[in-house]
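Okay, so here's the structure we're looking at.
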Amino acid sequence: MKLSEFVQKIMKDFLMIFASIIIIITILRQMYYPPMAFDLKSIYIIMAFSFISALIGFILYSPHDLSEKKMRIRMVIHFFTLEIILIALGSAFGFVKSGSDGIILALQIAVIYTLVRWLSWKKDKKEAENINEKLKALKSSQ
């Protein structure tokens, strides 16, 4: 993967993470605490955490093709690094004050990570299907 493609992927991941967090928080607030609104500071914090999460994607970057096993290992390392850094930042900013807060944050990170990975997988699957259709059409025309 070229570096420019990787930077584009990081920006797409940032936007997906940010949008996912905002949507999930909006839904949860409507269910549990409707009068609470977003303030500018909380949006900036969510944006910063989303950007840090996307930047940690450098762990997944390789200029060469990787085997499936190596890519899976990098994904596990990426996930745990993400968990550790975000929980540490949450603790430093005072969002995580107890063990239960840390567990809740870890679960939230895991859900959003899974959602982003699933969306990426669906996109890759769709692209692979498009390539296969083009190859079939090319083969049948010959």
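For segment 55-91, a residue qualifies if it is within 19 Å of residue 12 (Cα to Cα), open to solvent by less than 60 Å² (accessible area, probe 1.4 Å) and under 14 Å from the mean Cα position of the chain (by Cα), and the qualifying residues are 56, 57, 59, 60, 75, 78, 79, 82. The single condition among (1) in a helix (DSSP H, G or I); (2) modelled with pLDDT of 85 or more that residue 139 does not meet is (2).
Right, residue 116: in a helix (DSSP H, G or I), free of Cβ contacts under 8 Å to residues at least 12 places away in the same chain and among the β-branched types (Val, Ile, Thr) or not? Here the answer is no, as residue 116 does not meet what is asked.
Evaluated against (1) under 28 Å from residue 80 (Cβ atoms); (2) exposed (fewer than 10 other Cβ atoms within 10 Å of the Cβ), residue 115 falls short on exactly one condition, (2).
Tallying residues that are surrounded by 12 or more Cβ atoms within 10 Å (Cβ to Cβ) and under 14 Å from the mean Cα position of the chain (by Cα) within segment 92-110 yields 4.
Hey, does segment 118-138 have a residue that's within 17 Å of residue 19 (Cβ to Cβ) and open to solvent by less than 90 Å² (accessible area, probe 1.4 Å)? Break it down into steps so the answer makes sense when it comes.
At the first step, the residues of segment 118-138 found to be within 17 Å of residue 19 (Cβ to Cβ) are 118-120, 122-123.
Now restrict to residues that are open to solvent by less than 90 Å² (accessible area, probe 1.4 Å): 119-120.
Checked against the condition, which is being within 17 Å of residue 19 (Cβ to Cβ) and open to solvent by less than 90 Å² (accessible area, probe 1.4 Å), segment 118-138 yields at least one hit.
Here is a check on your reading of the model: is residue 40 under 17 Å from the mean Cα position of the chain (by Cα), without any contact (Cβ under 8 Å) to a residue 12 or more places away in the chain, more than 15 Å from residue 14 (Cα to Cα) and open to solvent by 70 Å² or more (accessible area, probe 1.4 Å)? For residue 40, the condition - under 17 Å from the mean Cα position of the chain (by Cα), without any contact (Cβ under 8 Å) to a residue 12 or more places away in the chain, more than 15 Å from residue 14 (Cα to Cα) and open to solvent by 70 Å² or more (accessible area, probe 1.4 Å) - is not met. When 10, 17 are screened for being touching a residue at least 60 places away in the same chain (Cβ under 8 Å), surrounded by 11 or more Cβ atoms within 10 Å (Cβ to Cβ), within 20 Å of residue 77 (Cβ to Cβ) and of a type in the set (Val, Ile, Thr), only 17 passes.
Consider residue 87 carefully, then state whether it is at pLDDT 85 or above, touching a Gly at 6+ places or on another chain (Cβ under 6 Å) and part of a helix (DSSP H, G or I).
yes
The values are calculated or read from the model by the stated rules, or taken from the named source; none is laboratory data. Just so you know, these numbers come straight off a predicted model, no measurement behind them. Neighbour counts are summed over all protein chains in view; Cβ atoms, including those assigned to glycine, are modelled from backbone coordinates with ideal geometry. The accessibility values were calculated without ligands, DNA or RNA, using every heavy atom of the protein model including side chains. Shrake-Rupley method; radii C 1.70, N 1.55, O 1.52, S 1.80 Å.
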